[in-house]
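Asks: Submitted below is the structure of interest, expressed as structure tokens.
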Amino acid sequence: MVVYEVTVFTGNSVNSTTFNNVFIKLVGTDGESNRKWLMSLKGASSFVRGAVSSFTVSCSTSLGKLVLIELDKQPLPLFPNDAWFCDKVEVKSPEGDTYNFPIYRWITDSKVYRFKDGKALRVFEDNHHLGRYSRQQELNQREEDFRWDVYVEGMPHSMKAENPLSLPCEVRFSFTKTTEFLYTASMGLTELKLKGLDNCKKKWDDIDSIRRVFCCKTTAISGYVQDHWKEDAFFGYQFLNGVNPMLIQRCTALPSNFPVTDDMVFPHGRCSLADEMKKGNIFLCDYKRLDGLNTNTINGKKQYLMAPLVLLHKASDDKLMPIAIQLKQTPSDDNPIFLPTDSEYDWLIAKIFVRSADFNEHQLNVHLLRTHLLAEVFAVSLLRNVPMVHPLYKLLKPYTRYTLQINYLARNLLISETGAFTQFAASGGEGMITALKRSVSSITYSSLCMPDDIAERGLEVVPNFYYRDDGVKAWNIIHRFVEGIFSYYYKTDGEVQQDSELQKWILDIFEHGFLSQAGTGIPQRFTCVTELVKFVTMVIFTCSVQHAAVNAGQYDYGGWMPNTPISLQLPPPTTKGTTSEATMLATFPDVNVTVQGMAVMWLLSKQSSDFVPLGQYPEDHFTEEIPRKIIKHFQRKLEDLSRAIKARNKCLEVPYTYMDPAEVENSVAI
Ligand code: FE2
């Protein structure tokens, strides 16, 4: 007779407890145990939240090397079949070996579930017939549980779900996250003391009225924004370090539809555009994707959204200053090029139209499409094609947390027919879908890989560009981490090529995420380890650091409406010299539109209390020594970066905190 010591770890999150009877069967290379009821002196409390309970399983002879365990739980008569969250099971064999079986999932029914030992196994080395069988069973089940859906033709595909409760338990919000999210979503207006204003369809009478509403909820940065929003230097700064650092590029030749002359921008003749372009001092932001969109009608009034061109100059004090703005794409007499030398309100209103265009471009392209929707594609493809025992699953699972549910909610609460964005943003409705489709066709692989993107936009040496400085460092740390993990598991390029699960993962992403567009440069298959490492780095970066960069500052920069109006209700001036403060106030969105925008940005900028920072893994999917050491090293490097960013920020007038690893959430979760 031989004895196996079994330790079961129940999860620590709310509602993890089961009072059902739990059974286990051990399966090894030389045989299997009987199905054993796990009973201990703890009785009914063996599987309560946070419990670590030990049991023994006796067998007549050794089972050899353990391959997997089978777990099931059965309700007692008259008791319900409750949901149990099991973290892991550890088994000590009579030979003295310890096996770890990561589980980290809900078991809600009475079915038998199989879990493999934590040592990662690629498909071609999974030699035991039961191991192979359970691998296939797991994938068959996942293909059923995680199905692709088409939300809108021409957009990346999404996860099929009728409602949040129809999502598989393992990808749903925790109890804590659900409670907090629903609270902020329903109470946002109250919390911001805006209740009652959401029905007020009036225009703003004066800037002080906006100030009185805004002062109820400010952050350190939103207060700064309120004080500095009119300044040119701050307007320029936001193209580098605001919530949308993705549009600006170095300008080496003026676009033909933007006929700016030297006289306009350098009236004293001290420099010329050609010389400044040669020196790399001229930058362009072109919102051409917004051109000609059908705009919303809000409170019965037609809304206005421009597709501006903005020219910026790096001044001698290294500040990026706007020097010319044309609000529509086609040059004409009624489409003036606005200049800092124009009247105060001509220039300010031109900048306000740019900020409003930026809100729409940022939310649809930079935030929703390029982080949320892509993260969902990466996650669904992983969950459909890659089993738990695969190193890619172990690596990427933490970066998928809550993404499917938050995207379901975004589709239903923000961009559905009655969604907040559809109702209150200038591009809400048909324009939004057109803008999203145009954005899809602009996606390239290189634009998703930060170092390549920065190089393509010619931004390598722009001073005071913290998005780039922090982002490239974070990219490099993630890249070295992924390289460490994959060079441990894949010794040759041939192993990558023959890993059918890895190949199915990337092919599904190519087909469902990038709609089989080879022109995007997205790989359709992996031919070598280097290619795999780069792609997985991009996935982790996009889900964590990039999303944080474009998400976390939404209230900071958007809470003070004049800096980021979500819609505008007068057309821009067609001639210079006709505007005043009254024109600006009449152009701003109505009170209800303003406060709805504030409430949404507040909700989306809020960190939940069960937030997991970048590189932290509450779940131990990797159980082998070398990957665990690589993870520790990764965490140390992230801590170093966090310290360096905090030290740098102490010297900045406006701290840039969004890519500090301690503030970055692992996944797209809000
Ligand atoms: Fe987000």
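The values are calculated or read from the model by the stated rules, or taken from the named source; none is laboratory data. Computed from a predicted structure; not experimentally measured. Cβ sites come from the backbone with ideal geometry, for glycine too, and all protein chains shown count toward neighbours. All accessible areas refer to the heavy atoms of the entire protein, side chains included, with ligands and DNA or RNA removed. Shrake-Rupley method; radii C 1.70, N 1.55, O 1.52, S 1.80 Å.
Asks: Can you pull out every residue in segment 127-162 that is in contact with a strand residue (DSSP E or B) (Cβ under 6 Å, 6 or more places away or on another chain), among the hydroxyl-bearing types (Ser, Thr, Tyr) and farther than 29 Å from Lys437 by Cβ?
Replies: Ser134
Asks: May I ask you to list the residues in segment 92-106 that are at pLDDT 95 or above and either farther than 27 Å from Met1 by Cα or touching an Asp or Glu at 6+ places or on another chain (Cβ under 7 Å) (or both)?
Replies: Lys92, Thr98, Tyr99, Asn100, Phe101, Pro102, Ile103, Tyr104
Asks: Condition test on Asn666, is it farther than 23 Å from His479 by Cβ, touching a Pro at 6+ places or on another chain (Cβ under 6 Å) and polar (S, T, N, Q)? Quick ask: steps written out before the conclusion?
Replies: Values: farther than 23 Å from His479 by Cβ: no; touching a Pro at 6+ places or on another chain (Cβ under 6 Å): yes; polar (S, T, N, Q): yes.
So Asn666 fails the test.
Asks: With the requirement that a residue be part of a helix (DSSP H, G or I), more than 16 Å from the ligand (Cβ to nearest atom) and buried (at least 21 other Cβ atoms within 10 Å of the Cβ), what does segment 410-431 give you?
Replies: Matches in segment 410-431: Phe424, Gly431.
Asks: Sticking with this structure for a sec: Does Val3 satisfy being assigned to a strand (DSSP E or B), open to solvent by 60 Å² or more (accessible area, probe 1.4 Å), farther than 24 Å from Pro387 by Cβ and among the hydrophobic types (A, V, I, L, M, F, W, C)?
Replies: Yes; evaluated as a whole, the condition is true for this residue.
Asks: Determine which single condition Arg114 fails, assuming it passes every other condition in (1) of a type outside the set (A, V, I, L, M, F, W, C); (2) in contact with a helix residue (DSSP H, G or I) (Cβ under 6 Å, 6 or more places away or on another chain); (3) surrounded by fewer than 18 Cβ atoms within 10 Å (Cβ to Cβ).
Replies: Checking Arg114 against (1) of a type outside the set (A, V, I, L, M, F, W, C); (2) in contact with a helix residue (DSSP H, G or I) (Cβ under 6 Å, 6 or more places away or on another chain); (3) surrounded by fewer than 18 Cβ atoms within 10 Å (Cβ to Cβ), the one that fails is (3).
Asks: OK, next. Say whether the condition of being open to solvent by 60 Å² or more (accessible area, probe 1.4 Å) and within 18 Å of Leu383 (Cβ to Cβ) is met by at least one residue in segment 129-139.
Replies: yes
Residue-wise test of (1) crowded, with 22+ Cβ neighbours inside 10 Å; (2) of a type in the set (D, E, K, R); (3) modelled with pLDDT of 95 or more; (4) closer than 20 Å to Ile454 by Cα.
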{"site": "Gly269", "(1), (2), (3), (4)": "no, no, no, no"}
{"site": "Lys278", "(1), (2), (3), (4)": "no, yes, yes, yes"}
{"site": "Asn299", "(1), (2), (3), (4)": "no, no, yes, no"}
{"site": "Lys314", "(1), (2), (3), (4)": "no, yes, yes, yes"}
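Asks: Here is a check on your reading of the model: is Lys632 within 16 Å of the ligand (Cβ to nearest atom), out of contact with any strand residue (DSSP E or B) (no Cβ under 7 Å at 6 or more places or on another chain) and either charged (D, E, K, R) or more than 18 Å from Glu665 (Cα to Cα) (or both)?
Replies: Criteria not met by Lys632.
Asks: Is it fair to say Gly558 is within 16 Å of the ligand (Cβ to nearest atom) and open to solvent by less than 60 Å² (accessible area, probe 1.4 Å)?
Replies: Spelling it out, Gly558 is indeed within 16 Å of the ligand (Cβ to nearest atom) and open to solvent by less than 60 Å² (accessible area, probe 1.4 Å).
Asks: Exactly one of (1) of a type in the set (Ser, Thr, Tyr); (2) in contact with a Leu (Cβ under 9 Å, 6 or more places away or on another chain); (3) surrounded by 14 or more Cβ atoms within 10 Å (Cβ to Cβ) is unmet by Thr261. Its number?
Replies: All conditions are met except number (3).
Asks: With respect to Glu581, determine if the residue is within 16 Å of the ligand (Cβ to nearest atom) and surrounded by fewer than 19 Cβ atoms within 10 Å (Cβ to Cβ).
Replies: Answer is no for this residue.
Asks: Say whether the condition of being open to solvent by 10 Å² or more (accessible area, probe 1.4 Å), assigned to a loop (DSSP other than H, G, I, E, B) and away from the ligand (no atom under 16 Å from the Cβ) is met by at least one residue in segment 586-604.
Replies: Among the residues of segment 586-604, not one is open to solvent by 10 Å² or more (accessible area, probe 1.4 Å), assigned to a loop (DSSP other than H, G, I, E, B) and away from the ligand (no atom under 16 Å from the Cβ), which makes the answer no.
Asks: Something else about it: Residues of segment 313-328 being within 17 Å of Glu231 (Cβ to Cβ) and either in a loop (DSSP other than H, G, I, E, B) or touching a His at 6+ places or on another chain (Cβ under 6 Å) (or both), which ones?
Replies: Across segment 313-328, the qualifying residues are Ala315, Asp317, Asp318, Lys319, Met321, Ile323.
Asks: Next question. If you scan segment 153-199, which residues turn out to be closer than 20 Å to Ser416 by Cα, assigned to a loop (DSSP other than H, G, I, E, B) and either over 20 Å from the mean Cα position of the chain (by Cα) or modelled with pLDDT under 90 (or both)?
Replies: Glu153, Gly154, Glu162, Asn163
Asks: Still on this structure: Answer yes or no: is there a residue in segment 541-552 that is among the aromatic types (Phe, Trp, Tyr), in contact (Cβ under 8 Å) with a residue 40 or more places away in the chain and not in a loop (DSSP other than H, G, I, E, B).
Replies: Yes.
Residue-by-condition table, conditions (1) within 16 Å of the ligand (Cβ to nearest atom); (2) within 18 Å of the chain's Cα centre (by Cα); (3) charged (D, E, K, R); (4) open to solvent by 10 Å² or more (accessible area, probe 1.4 Å):
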{"position": "Gly521", "(1), (2), (3), (4)": "no, no, no, yes"}
{"position": "Arg525", "(1), (2), (3), (4)": "no, no, yes, yes"}
{"position": "Phe541", "(1), (2), (3), (4)": "yes, yes, no, no"}
{"position": "Ser544", "(1), (2), (3), (4)": "yes, yes, no, no"}
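Asks: Of the residues in segment 396-408, how many are within 11 Å of the ligand (Cβ to nearest atom) and either open to solvent by 20 Å² or more (accessible area, probe 1.4 Å) or in a helix (DSSP H, G or I) (or both)? Steps first, please.
Replies: Of segment 396-408, the ones within 11 Å of the ligand (Cβ to nearest atom) are 402-403, 406-407.
After this cut, where a residue has to be either open to solvent by 20 Å² or more (accessible area, probe 1.4 Å) or in a helix (DSSP H, G or I) (or both) as well, the list is 403, 406-407.
Summing the residues that are within 11 Å of the ligand (Cβ to nearest atom) and either open to solvent by 20 Å² or more (accessible area, probe 1.4 Å) or in a helix (DSSP H, G or I) (or both) in segment 396-408 gives 3.
Asks: Between a residue in segment 359-381 that is outside any helix (DSSP H, G or I) and modelled with pLDDT of 95 or more and any residue that is open to solvent by 10 Å² or more (accessible area, probe 1.4 Å) and more than 11 Å from the ligand (Cβ to nearest atom), which pairs come within a Cβ distance under 6 Å, given they are 6 or more apart or on different chains?
Replies: none
Asks: Another question, if that's okay. With (1) open to solvent by 20 Å² or more (accessible area, probe 1.4 Å); (2) in a helix (DSSP H, G or I) as the list, and Glu619 as the residue in question, which single condition is left unmet?
Replies: (2)
Asks: What helices (runs of 4 or more DSSP H) completely inside segment 225-312 contain at least 1 residues that are under 25 Å from Phe588 (Cβ atoms) and in contact with a helix residue (DSSP H, G or I) (Cβ under 6 Å, 6 or more places away or on another chain)?
Replies: Result: 232-241.
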